[in-house]
Amino acid sequence: MRRLAVDIHSPSVAAATEFLVDRLVEERVASSLANQDPTLWGPRAEQEAARRLAWVALPKISRPLLATVDALWSQLYADGIDRVVLAGMGGSSLAPEVICATSRVPLTVLDTTDPGEVADALAGDLERTVLVVSSKSGSTVETDSHRRIFTAAFAEAGLDPAAHLVVVTDPGSPLQRIAEEQGYRAVITAEPNVGGRYSALTAFGLVPAGLARADIANLQDDAELQAPMLAADDPANPALRLAAALAVGHAAGAEKVVLADTGSGIVGFADWAEQLIAESTGKDGTGLLPVVVRNPAAPGFADAGPDATLVAIGPDGSSGPGVSSAAAALTVTGTLGGQLLLWEYAIAVVGRLLGINPFDQPDVEAAKVAARAQLDALHKSAARPAPAFVEGDVAVYPVGGWLPPGVATLSDALQALITATPARGYLAVQAYLDRIADASAAVLRTELARRSKLQTTFGWGPRFLHSTGQYHKGGHQNGSFLQLTGAVGTDIAVPGTDFTLGDLQQAQALGDAEVLAARGRPVLRVHLLDRAAGLVALAHALGELWPAG
């Protein structure tokens, strides 16, 4: 197993980092964190921190889960059930996804409200399918909807739904009661004193990954091996070095953290780290905005400016970042179990250095409330706002009064959105689409970043609402937002409710746009009347802005 290491490639940042690390060592921050000291983040955060620190002990206390998962897998396999579908949001889906992708085992993840994507999951062999319903409370609307839809689908296929349902939840939750009352195949409770984004090594990460046959024993061994180093009050502690380097960059104006993989062998790690960083730090008008790029040649990394700290997730420093204009450049190495724990320690320490509580998410609820209001409005006769204009297969809706008068083309609207973005601000592309069928939408991040020269993020909705959504509302208020929605072909009703998945998807998009606009942020919603043709039109409109370079 590769030892964890954090290499800093900027001499000036390295010097400032060493000074800050020495202070953290003197204050015994690492050992205090390992001992679950809730006072590390000040009196305001103490109550929340006191019930959110059990994650530091997970490499040891999660060990009994390995036998539980193996026994459950054997039982399922004996019944011919070997296809795992995971219904979960945020930390309940991102960790299992990266664990399974790195282990090269299949796992179907449902963290979407797109009817087409859910229909694809339903089209698999239901007789061989187990749905893992993963939620701390069970009240998460997306996950509850998936549970209801799959329960009905199993019954319609002549199967006993309870035999195909496994629940991972907190002890005593409403979801646990539902599962036990209805006799689900298994209910596995997780350590309750861990927040979702720190839950990779709890049952939320290990159960779905283990049932999909990822090597969770090796993952645990890796994390347990590295844990003593991360708990040490030692200048060589990589978590202290990473936290200090990120804080030094932030103090110099680099509030974006651009993450690229340079051959780590860990598949999709940055997508997991994105939630940890954004939801932990993006509050009180400050924080670190993670920007995920696919390789170090991508715009945003290769051409980063002084508002960005570059982080290469890689095997060594030779392929790491070397952009002299960036405020900092780091390489973080190590295998998956150790990296999960390293980043959890580091981001908790960053919270102390930035003066924020890394364990709450005060602005996430606002979008949920707005989405609920939008759902309720669907059943009333109130007229929907008309688009500012329609261009071919695209309808354009500026949210709020930021769009200059006279803008009547998609290309001009995109240019206006970029112009409305503050200097050293960022663009966020939010795609409420099908992550499989509409995968080409992700290319828009690259093109927007290349042409605007702004740091640009991309998120699938509503997945990002449980991740960067906190930063968008609570972090630095210098973002502009391109929201993509699309026409729904065949919708899916959510049993026991008065809405469909298409209704929910639309309500989530409109609700989040409303909350962002209320904070004075420019939001441009581009609705694809035909998804495939609309994405092509959007790409062409981007091509008319400036020559790529």
> Quick one: net charge of Ala190's neighbours, Cβ under 10 Å, K/R +1, D/E -1?
Replying inline: -1
> Rounded to two decimals, what ratio of Rg to Rh does the chain give with C-alpha atoms and a Kirkwood Rh?
Replying inline: 0.96
>> Name the residue from Ala95, Ala518, Ala346 whose Cα lies farthest towards the positive end of the charge dipole of the chain, charges +1 on Cβ of Lys and Arg and -1 on Cβ of Asp and Glu.
In response: Ala518
>> So if each residue of separation counts as 0.36 nm, and I subtract the Cα-Cα distance between Val369 and Asp221, what length gain in nm does that give?
In response: 49.2 nm
> Which length gain, in nm to one decimal place, applies between Glu18 and Gln36 when the Cα-Cα distance is subtracted from 0.36 nm times their residue separation?
Replying inline: 4.0 nm
> Which whole-number percentage describes the relative contact order of the range 364-543, with Cα contacts under 8 Å and a sequence gap of 6 or more?
Replying inline: 37 percent
>> Take Val105 and Phe389, extend 7 Å from each Cα along the Cα→Cβ direction, and tell me the distance between the two endpoints in nm.
In response: 5.3 nm
> Taking the alpha-carbon set of the range 129-188, what are its Rg and Dmax in Å?
Replying inline: 10.5, 31
>> Charges on Cβ only, +1 for Lys and Arg, -1 for Asp and Glu, centred on the Cα centroid of the chain; of Ser199, Thr151, Leu288, which one is farthest towards the dipole's positive end?
In response: Leu288
> Once the Cβ-Cβ distance between Asp70 and Ala236 is put in as r, and R0 is 25 Å, what FRET efficiency do you end up with, to the nearest 0.05?
Replying inline: 0.10
> Quick one: in the range 364-543, what % of C-alpha pairs are over 23 Å apart?
Replying inline: 37 percent
>> On a full-extension model of 0.36 nm per residue, what is the gain between Arg128 and Asp491, subtracting their alpha-carbon distance, rounded to one decimal in nm?
In response: 128.2 nm
> Summing Lys, Arg as +1 and Asp, Glu as -1, what charge do residues with Cβ under 14 Å from the Cβ of Gly268 carry, Gly268 excluded?
Replying inline: -1
> Once amide H atoms are placed 1.01 Å from N in the peptide plane, what residues at a sequence separation of 5 or more from Val429, or on another chain, have their amide H within under 5 Å of its amide H?
Replying inline: Thr457, Phe458, Gly459, Leu482
>> Give the aspartates and glutamates reachable from Lys453 as a straight Cα distance under 14 Å; neighbours fewer than 8 places away on the same chain don't count.
In response: Asp303, Asp307
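Roughly what % of DSSP beta bridges within the chain run antiparallel, to the nearest 5?
On the way: 14 of 64 bridges.
So the antiparallel bridges in the chain amount to around 20 percent.
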> Tally Lys and Arg at +1 and Asp and Glu at -1 over the other residues with C-beta under 14 Å from the C-beta of Pro422: what net charge comes out?
Replying inline: +3
> For the pair Arg294 and Ala157, how long in nm is the line joining their label points, each one 7 Å along Cα→Cβ?
Replying inline: 3.1 nm
> For the range 62-221, what percent of Cα pairs sit more than 18 Å apart?
Replying inline: 53 percent
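Just so you know, all these numbers are worked out from the coordinates, no wet-lab data involved. As the structure is a computational prediction, the values presented were derived from the model and not from experiment. Don't worry about glycine lacking a Cβ; one is built from the backbone with ideal geometry, like all the others, and counts go over all protein chains shown.
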